[in-house]
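Chemist: Provided herewith is a single structure, encoded as structure tokens, for subsequent inquiry.
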Amino acid sequence: MLSRFIRRTGAAIQRRTFASGITRLHAEHPNMCQTVVHESTGVVYLAGQVPDDYSLDAKGQTKEVLSKIDTLLEEVGSDKSKLLSAQVWVKTMDDFSAVNEIWQGWVDPENKPCRAAVEANMAHPDILVEVMVTASK
């Protein structure tokens, strides 16, 4: 295993690349990492992203989540124009149109991914939206 550290906006990001050609970033959490890159295929997998500010409404939380996705994709040389698929979880379908409004303003209209969206209980009662994407590099 090779261990490297890269710098982004002043914060150290742990990056581990294994002999299998799989790179894992932001692996500090005991259960998961935030980004996995399969180097030989160039496929990027992101963990489900939730907002940091749970006090925001559905639109605000969606904007924050999509911004986090932009940042994680940029770290590995990708962006939203290279999305392959997306999974969206909303706490209540009452917020579905608000989430879609923000999504439509964010997603690349020429390169929309396959997407599923469902209502789900969240890990914290104040989380209103979670998004997980797969992209190419």
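Chemist: In segment 97-137, what residues are farther than 17 Å from Gln49 by Cα, of a type outside the set (D, E, K, R) and either under 15 Å from the mean Cα position of the chain (by Cα) or open to solvent by 30 Å² or more (accessible area, probe 1.4 Å) (or both)?
Modeler: Across segment 97-137, the qualifying residues are Ser97, Gln104, Gly105, Pro109, Asn111, Cys114, Ser136.
Chemist: Same structure, new question: Would it be correct to say that Asp57 is among the acidic types (Asp, Glu) and free of Cβ contacts under 8 Å to residues at least 40 places away in the same chain?
Modeler: no
Chemist: Among the residues of segment 58-98, count how many are of a type in the set (D, E, K, R) and touching a helix residue (DSSP H, G or I) at 6+ places or on another chain (Cβ under 7 Å).
Modeler: So the count comes out to 6.
Chemist: Something else now. In the set Lys68, Lys112, Lys63, Lys91, which member is under 30 Å from Ser20 (Cβ atoms) and at pLDDT 95 or above?
Modeler: From the options Lys68, Lys112, Lys63, Lys91, the qualifying one is Lys68.
Chemist: Looking at Gly60, Gly21, which one is under 22 Å from Met93 (Cα atoms) and open to solvent by less than 40 Å² (accessible area, probe 1.4 Å)?
Modeler: Gly60
The values are calculated or read from the model by the stated rules, or taken from the named source; none is laboratory data. Note that this is a predicted model, so its numbers are computed, not measured. Neighbour counts are summed over all protein chains in view; Cβ atoms, including those assigned to glycine, are modelled from backbone coordinates with ideal geometry. Surface accessibility is based on the protein's heavy atoms, side chains included, excluding ligands, DNA and RNA. Shrake-Rupley method; radii C 1.70, N 1.55, O 1.52, S 1.80 Å.
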